[in-house]
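J.: Pasting a structure here, questions to come.
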Amino acid sequence: MEEIRAATILPAIREDITFTTSDGEVLVGELALPNSAQPKATLITLHPLPTHGGFMDSHILRKASNRLPALAEIAVLRFNTRGTSSPRGTSTGAFDGGVAERFDVAAAISFAQSRGLENLWLVGWSFGTELAIKYGPDHQISGAILLSPPLHRANDQDLMRWVEFGKPLVALVPGDDDYLKPDEAAKRFSIVPQAKVLGFEGEKHLWVGERATRLVLNQIVQTVLPGSAELPESY
């Protein structure tokens, strides 16, 4: 066995994918599946702000894809929102500040459903959390996990939709976040009875380092598969 490090890529069935939005944009991405089992859950990841370097390979999302199919039998779907580029390619269209991106979220969920994947969770990071909050209640998902939510584009009206929606909404908030710290996040999310705000002392918006990565990935797994063992640090 070897220690799992930042660059570790564990075994999985990895497929380059494309899917088309209802307004005609072609989005590029990757689907990573467990090698030998039906996935117990599926993460549909929504990356940070593309105008500030966010894309499908943003490190937490890439590491989730590299590790969780093997360690937790979880499928991970990553993709570039409209107008976003990565080594995988460029999605057509142009960044629309979170408005037309609603079609991107819908197309990703539809793609996962078309593959027969179940227990679908949105996992947004920063800008991606805004998309999850605003558009998650429009779809058949199990819930949403929010990494470093700024609550900038998503407002209280968007949060109120989750009250009726009733699905889990779990926010992972760094103690030293640049935009929204745990105490303020707890106040903002308090209008959603089922929302959970988990603060992480000493962590920052970008979740830098292996310790932060393990904290986030373990919490994701515990959320989508309650009662799971802590992820191993070697494989």
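What follows is calculated from the coordinates using simple rules that are stated; it is not laboratory data. The structure presented is a predicted model; accordingly, all values stated were derived computationally and were not measured. Methodologically, a virtual Cβ is constructed for each residue, glycine included, from the backbone with ideal geometry; neighbour enumeration extends over all protein chains shown.
J.: Could you tell me whether segment 80-102 includes any residue that is under 15 Å from the mean Cα position of the chain (by Cα) and in a strand (DSSP E or B)?
T.: No, because not a single residue in segment 80-102 is under 15 Å from the mean Cα position of the chain (by Cα) and in a strand (DSSP E or B).
J.: I've got another one for you. For a quick check of your reading of the model, give me the residue pairs whose first member lies in segment 60-73 and is within 12 Å of TRP125 (Cα to Cα), whose second is in a helix (DSSP H, G or I) and polar (S, T, N, Q), with beta-carbon atoms closer than 9 Å and at least 6 apart or on different chains.
T.: Between residues of segment 60-73 that are within 12 Å of TRP125 (Cα to Cα) and residues that are in a helix (DSSP H, G or I) and polar (S, T, N, Q), the close pairs are ILE60/THR213.
J.: If PHE55 passes every condition in (1) crowded, with 21+ Cβ neighbours inside 10 Å; (2) aromatic (Phe, Trp, Tyr); (3) over 16 Å from the mean Cα position of the chain (by Cα); (4) part of a loop (DSSP other than H, G, I, E, B) but one, which one does it miss?
T.: Status for PHE55: all satisfied but (3).
J.: Would you confirm, using the coordinates I've provided, whether VAL221 is among the β-branched types (Val, Ile, Thr), within 17 Å of VAL76 (Cα to Cα) and part of a helix (DSSP H, G or I)?
T.: In short, yes.
J.: Quick check on segment 52-64. Is at least one of its residues of a type in the set (S, T, N, Q), in contact with a Pro (Cβ under 8 Å, 6 or more places away or on another chain) and over 17 Å from THR21 (Cα atoms)?
T.: The answer is yes, given that some residue of segment 52-64 is of a type in the set (S, T, N, Q), in contact with a Pro (Cβ under 8 Å, 6 or more places away or on another chain) and over 17 Å from THR21 (Cα atoms).
J.: For the condition farther than 25 Å from TRP207 by Cα, of a type in the set (A, V, I, L, M, F, W, C) and surrounded by 20 or more Cβ atoms within 10 Å (Cβ to Cβ), what is the one hit in LEU68, LEU27?
T.: Testing whether each residue is farther than 25 Å from TRP207 by Cα, of a type in the set (A, V, I, L, M, F, W, C) and surrounded by 20 or more Cβ atoms within 10 Å (Cβ to Cβ) leaves just LEU27.
J.: Residues to consider are PRO149, PRO193; find the one that is surrounded by 22 or more Cβ atoms within 10 Å (Cβ to Cβ), in a loop (DSSP other than H, G, I, E, B) and on the phi < 0 side of the Ramachandran plot.
T.: PRO149
J.: Quick check on ASP183: is it of a type in the set (Asp, Glu) and assigned to a loop (DSSP other than H, G, I, E, B)?
T.: Judged against the criteria, ASP183 is not a match.
J.: Could you run through segment 15-47 and say how many residues are part of a strand (DSSP E or B) and either hydroxyl-bearing (Ser, Thr, Tyr) or without any contact (Cβ under 8 Å) to a residue 40 or more places away in the chain (or both)?
T.: Count: 5.
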